[in-house]
1. With the checklist (1) among the aliphatic types (A, V, I, L, M); (2) within 20 Å of the chain's Cα centre (by Cα); (3) surrounded by 14 or more Cβ atoms within 10 Å (Cβ to Cβ) in hand, flag the one item Ile250 doesn't pass.
2. Quick check on Ala94: is it of a type in the set (Gly, Ala, Ser) and closer than 30 Å to Arg231 by Cβ?
3. Taking only pairs six or more apart or across chains, which ones have beta-carbon atoms under 9 Å, a first residue in segment 432-452 that is within 25 Å of Thr323 (Cα to Cα), and a second residue that is of a type in the set (D, E, K, R) and assigned to a helix (DSSP H, G or I)?
4. Please work out if Tyr57 is open to solvent by 30 Å² or more (accessible area, probe 1.4 Å) and in a loop (DSSP other than H, G, I, E, B).
5. Do you know which residues across segment 607-623 are outside any loop (DSSP other than H, G, I, E, B) and touching a residue at least 60 places away in the same chain (Cβ under 8 Å)?
6. Mind listing whichever residues of segment 232-246 are under 11 Å from Phe210 (Cβ atoms) and without any contact (Cβ under 8 Å) to a residue 40 or more places away in the chain?
7. Go through (1) closer than 30 Å to Phe62 by Cα; (2) at pLDDT below 95 for Ser199 and report which single condition fails.
Amino acid sequence: MLSSLPAWTRGDSALREKALPAPFLSFRAIDYSAYALILSLGALQFFLYQRSPDFIYEDVSFFELTKSLLQNGFYGFNGVPEKVQPPGLSLLLAVMCIALGCTHAVLLRAMPIFLTLGFLVSYELIRREQGRGIAAAVCLVLASSPAVFIFATQVIFPSSPYFLTSMSALFAASRLEEAETRPARVLWGLIFSLMGIASLMIQSVGIALFGGLLGWLTTSFLIDSRTATSRLKIFLPVLVLGISVEGLWIYRGSNPHEWPLAGYPGSYISQLALKSGNHPELGQASAEDILLRVDRNLRERAGLFGELLTRHWVNPSWSSIGTAGVVLLIVLGVGSSLLRRGGQIWDWYFIAYECIYLLWPWPTEIRFFLPIAPLTCLYLYKGVLTIAHVSSLHPRRVGAIALFPSILLAIHSRIRGWQAGKDYGLQYDVSSVFWVTAAFVSAWMVWKGSIPRLEALSLPDQGLRKRYSAFGESFTLSHALGVVMIAFLIAVGVIGQLRIGRENLNFDESKRTRRPDIEAAEWIRLHTERNVVIAARHVPVVYHYAQRKVIWFPPISNPQILMQGIRRHHIQYIIIIDRDFSYYMPPDEDCFAKLYNAFPRAFRLVENKGQIRIYEVLPDSGT
């Protein structure tokens with residue numbers, strides 16, 4: 001069905017090079033404009049960063065790891081070696097500390113640089129794959145997203161440098177395969193190796209790069225053994241190197257367990273085996289739990305993707321066009337790429353990356369999605385091309401396949417819209433109209449054997465297809481309308497970014513969600529000896545501000561286990577926060593309530609202020 005797709009939608013580089021003449025790949029005005037706009041958006045992030053005097057989020061753990069590396073040559077903090085999170089980000093931060101200083105502002109402002117360079121590399125990769133117009137639209141819409149701006153200007157996470165290194169590795173891989181001279185192969189092979197290893201050492205999900213490489217090489221043997229043999233000679237050393245580095249890191253083992261609790265802070269494999277990473281007491285996941293997790297993660301990732309593009313929350317329901325429609329188009333886009341001679345390495349990387357996070361037992365966050373967002377946009381666009389092309393070739397087949405699901409989704413979205421009411425039903429209403437329209441179009445295609453086209457629209461359609469020229473570029477009115485729509489999304493995004501930037505510049509520390517933990521930690525620092533051991537739910541923040549040994553107060557509801565751990569670790573103070581939202585379940589206040597009810601004489605309240613309660617653990621008297 002897909003064999004007649006245009007050559008420029010195909011995955012193999014030979015066909016792509018034939019379809020794209022040399023001027024297509026050389027720099028033109030649109031490329032310089034795209035570069036300038038991406039750099040301008042990066043400059044906004046660089047200068048409008050959050051003016052917090054110190055770390056206030058959990059990303060402070062990377063600062064503590066960096067400080068420990070610099071001061072003690074030890075990768076870990078709080079007296080505990082770090083064996084799960086790779087050291088790449090901390091090493092990068094250490095270099096910046098040595099060169100520029102180790103302040104919160106210096107380290108935070110590095111994140112926009114990584115992201116901006118990542119978007120520039122993404123532009124080059126997508127430009128070579130699909131064209132400069134799509135590359136510019138993808139990178140500019142994403143870079144102007146308010147959600148990306150918040151991530152770039154307020155937190156330090158491995159996802160920012162990983163975005164740069166992983167995209168650089170994919171771009172280097174494409175150039176390595178096309179290299180015709182030995183010096184070029186050596187150069188691009190070295191860059192691919194360095195960027196691939198850097199990705200592994202910055203974020204563990206970098207293994208998806210080498211999983212994608214393995215899948216790509218394996219598929220090549222099923223399609224063309226001669227091409228596969230040539231690729232194997234070029235890429236096998238990189239694959240062996242990457243697997244060896246990952247094996248050496250895993251060989252170090254996982255972090256020590258302070259409590260008899262599965263999952264965090266253990267290895268990622270142990271976390272994947274849980275029903276819920278946030279609620280480890282629920283135990284191991286069953287096959288049904290895994291399926292439900294994949295369903296939830298797929299819907300949430302589609303919703304987050306829709307939010308990045310539209311600047312608006314997208315309902316993660318299967319009856320929503322922003323979920324079912326987007327997932328369908330992305331799957332078609334990936335499928336069309338794979339059916340073209342097995343696809344490219346970035347196609348298989350995308351699949352490997354998504355498989356990892358579809359199985360991820362933690363809530364979906366932008367830091368888990370951003371590194372793959374440009375490729376997701378690419379496949380969304382390819383999906384639109386694929387469904388349009390196949391519908392024109394086989395309208396009856398496509399109509400027959402789409403008719404029944406469209407009817408079901410229309411009914412479901414209509415029912416959910418009624419249930420949601422006026423305040424939350426608008427997206428369901430829009431989705432129901434879309435699915436009803438899709439059902440009518442599908443029925444027409446089955447009946448007439450063609451895509452419906454109103455005669456009244458024939459003249460406007462011809463006008464939209466007429467070609468014009470300006471600034472050395474050829475375009476149609478439909479292209480111009482697309483540019484206007486993209487410009488509107490960018491403008492809306494930039495307005496949102498400027499609003500967030502003003503809030504960053506006028507930072508109000510007292511309103512931040514981690515403030516109670518900081519206040520409690522500061523009380524501990526001022527009122528206790530340096531050798532005391534305390535327990536708290538958010539270890540990195542409390543350790544940073546208290547500068548005391550901190551034991552994780554775990555989400556365990558069994559008071560006997562908690563009491564045994566408190567005595568075993570010689571804990572002297574426990575920080576309890578009455579939170580509006582608890583990342584771990586059960587909340588620390590619920591766990592401690594059961595503990596206090598079981599052992600009321602073991603604790604003495606020494607501080608009670610707002611959301612904060614601090615208890616002193618009394619000496620063991622037989623409890």
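1. Condition not satisfied by Ile250: (2).
2. Numbers: of a type in the set (Gly, Ala, Ser): yes; closer than 30 Å to Arg231 by Cβ: no.
In short, no.
3. The qualifying pairs are Ser432/Arg414; Ser432/Arg416; Trp435/Arg414; Val436/Arg414; Met445/Arg396; Met445/Arg397.
4. Details: open to solvent by 30 Å² or more (accessible area, probe 1.4 Å): yes; in a loop (DSSP other than H, G, I, E, B): yes.
Considered against the rule, which asks whether it is open to solvent by 30 Å² or more (accessible area, probe 1.4 Å) and in a loop (DSSP other than H, G, I, E, B), Tyr57 comes out as yes.
5. Residues of segment 607-623 that are outside any loop (DSSP other than H, G, I, E, B), as a first pass: 607-609, 612-617.
Passing the criteria: Glu607, Lys609, Ile612, Ile614.
6. Step one: filter segment 232-246 for residues under 11 Å from Phe210 (Cβ atoms), giving 235, 238-246.
Of everything in segment 232-246, those that are under 11 Å from Phe210 (Cβ atoms) and without any contact (Cβ under 8 Å) to a residue 40 or more places away in the chain turn out to be Leu239, Val240, Ile243, Ser244.
7. (2)
Table: residues versus (1) farther than 30 Å from Ile56 by Cβ; (2) open to solvent by 30 Å² or more (accessible area, probe 1.4 Å); (3) assigned to a helix (DSSP H, G or I).
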site: Phe149; (1), (2), (3): no, no, yes
site: Ala152; (1), (2), (3): no, no, yes
site: Tyr162; (1), (2), (3): no, no, yes
site: Ser168; (1), (2), (3): yes, no, yes
site: Pro183; (1), (2), (3): yes, yes, yes
site: Trp188; (1), (2), (3): yes, yes, yes
site: Phe192; (1), (2), (3): yes, no, yes
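The values are calculated or read from the model by the stated rules, or taken from the named source; none is laboratory data. Bear in mind the structure is a predicted one, so any value in this text is a computation, not a measurement. Heads up, the Cβs are rebuilt from the backbone with ideal geometry, glycines too, and the neighbour counts pull from every protein chain shown. For the accessible areas, the whole protein counts, side chains as well, though only heavy atoms, and no ligand, DNA or RNA atoms are used. Shrake-Rupley method; radii C 1.70, N 1.55, O 1.52, S 1.80 Å.
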